[in-house]
Amino acid sequence: MTDIEQKKEYLKGYEKAVRKAERSEIKIKELRLNKIFPSALNDGIPHAKNQSDLSGYAALLDEEERHYQECRYQQLERCKEIIARIEQLSDENEKDVLIHRYIELMKWEDIAVRMGFSYKWVHKIHNKALNHLII
């Protein structure tokens, strides 16, 4: 893997952390919904089957919430770290391109429009930014 590819992967780490936290949040919502709406048998009537104490459910929910909090913390730390490294760049256009692309997850065309540059020029700025970025 080249140095440029490593830097791209490093910057893409923010999006990966966000997606991981979102999956954990979805799992928590599903756990809560499954406890609120009990399963129904084929007759469509809810039954009181498996009405044990909620300790197993609470432990599972607690574990998933801890995992979610850990993901959120990692996401915030990764974001702070990536932004700090981007902010070390001296060129404002290079900073903007990296922020738009890797933090705001904008498309190349949208970045060009927002910055008032051509698509090709945005890619040149991006390449210069990656060369100047220190990870």
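The values are calculated or read from the model by the stated rules, or taken from the named source; none is laboratory data. Small disclaimer: the values here were computed from a predicted structure and weren't measured. Reconstructed Cβ throughout: ideal geometry from the backbone, glycine too, with neighbour counts over all protein chains shown. SASA here: full protein model, heavy atoms, side chains in, ligands and nucleic acids out. Shrake-Rupley method; radii C 1.70, N 1.55, O 1.52, S 1.80 Å.
Odds and ends about this structure:
- Selected residue (criterion: farthest from Asp96 (Cα to Cα)) from residues of the range 118-135 that are hydrophobic (A, V, I, L, M, F, W, C) and open to solvent by 100 Å² or more (accessible area, probe 1.4 Å): Ile134
- Among the residues of the range 9-36, the ones that are in contact (Cβ under 8 Å) with a residue 60 or more places away in the chain and surrounded by fewer than 16 Cβ atoms within 10 Å (Cβ to Cβ) come to 2 in all.
- Any hit, the range 91-106, residues being modelled with pLDDT under 85 and either out of contact with any Pro (no Cβ under 6 Å at 6 or more places or on another chain) or within 24 Å of His132 (Cβ to Cβ) (or both): no
- Any hit, the range 74-84, residues being loosely packed, with under 15 Cβ neighbours inside 10 Å, out of contact with any Asp or Glu (no Cβ under 8 Å at 6 or more places or on another chain) and part of a loop (DSSP other than H, G, I, E, B): no
- When the residues of the range 37-57 are filtered to those that are under 30 Å from Cys71 (Cα atoms) and open to solvent by less than 70 Å² (accessible area, probe 1.4 Å), the one that is modelled with the lowest pLDDT is Tyr57.
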